[in-house]
1. Looking at residue 55 and the list (1) outside any helix (DSSP H, G or I); (2) at pLDDT below 95, which single condition is not satisfied?
2. Would you mind telling me which numbered condition in (1) in contact with a helix residue (DSSP H, G or I) (Cβ under 7 Å, 6 or more places away or on another chain); (2) closer than 18 Å to residue 239 by Cβ residue 98 fails?
3. On the given criteria, is residue 168 more than 17 Å from the chain's Cα centre (by Cα) and within 23 Å of residue 42 (Cα to Cα)?
4. Here is a list of conditions, (1) farther than 16 Å from residue 10 by Cα; (2) in contact (Cβ under 8 Å) with a residue 12 or more places away in the chain, and residue 238 meets all of them except one; can you say which number that is?
5. Run residue 136 past the list (1) part of a helix (DSSP H, G or I); (2) within 16 Å of the chain's Cα centre (by Cα) and report the number of the one that doesn't hold.
6. Taking residue 163 and the conditions (1) under 16 Å from the mean Cα position of the chain (by Cα); (2) farther than 16 Å from residue 130 by Cα, which numbered condition does it fall short on, given that it satisfies the others?
């Protein structure tokens, strides 16, 4: 079984959402992934929770019949969180909150990880997350994430998202080396240690957006690419992050 996945931080309502949503939808239609993990997905108080937020809007524009949105941080003026878009039914959903530490000035928002089971041939387990700007919170969250995902059993899992940290960082090194079982980095396996910079999209210099999977032997990486790097004539891009698209082949068991 082959699954094509994509991750993109859509930057909420920043920078002309009415135009950017069309660029993002065009990108999704062009890439045609099976499953998409989105970060910084917003809901405004003027919108009802069901069906009228950025995830539902993008699903409609890009032709994804199934989606799920989970707000992580709720404020009076907006809620922000993660979403999954899928071409196949979403069979189950679970959430792992990463509450903000009020004693950590860099930990400014509540965060979460969302796990879903997708009814695609053999069911695919997929998780999207967006980690804190606080290094201390990121270290804590990746340990919680690895432990939590194993509670769903030993089936292969794909984890995508904006991890707000580089491959050499302690949180990424924990996931790639010390988690049990460890995770594999699709970009590193297919492209090596060079490139892959996703932020900021107009002049990328940081690799902070990832497609990971566990256990490391679960998938063969058939392709991995950055997307969303083409600007309009006036310089508008789909997001302030580039997206990552990976094609993964599940190894026979």
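1. (1)
2. Single failed check for residue 98: (2).
3. Spelling it out, it is not the case that residue 168 is more than 17 Å from the chain's Cα centre (by Cα) and within 23 Å of residue 42 (Cα to Cα).
4. (1)
5. (2)
6. Among (1) under 16 Å from the mean Cα position of the chain (by Cα); (2) farther than 16 Å from residue 130 by Cα, residue 163 violates only (2).
A quick yes/no check of all residues on (1) within 28 Å of residue 215 (Cβ to Cβ); (2) more than 13 Å from the chain's Cα centre (by Cα); (3) not in a strand (DSSP E or B):
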residue	(1), (2), (3)
82	yes, no, no
88	yes, yes, yes
103	no, yes, yes
106	no, yes, yes
114	yes, no, no
125	yes, yes, no
129	yes, no, no
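The rows are residues; the columns are (1) loosely packed, with under 14 Cβ neighbours inside 10 Å; (2) under 18 Å from residue 242 (Cβ atoms); (3) modelled with pLDDT under 95.
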residue	(1), (2), (3)
5	no, yes, no
34	no, no, no
42	no, no, yes
46	yes, no, yes
51	yes, no, yes
73	no, no, yes
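The values are calculated or read from the model by the stated rules, or taken from the named source; none is laboratory data. Keep in mind that what you see is a predicted model, and the values were worked out from it rather than measured. Virtual Cβ from ideal backbone geometry, glycine too; neighbours counted across all protein chains shown.
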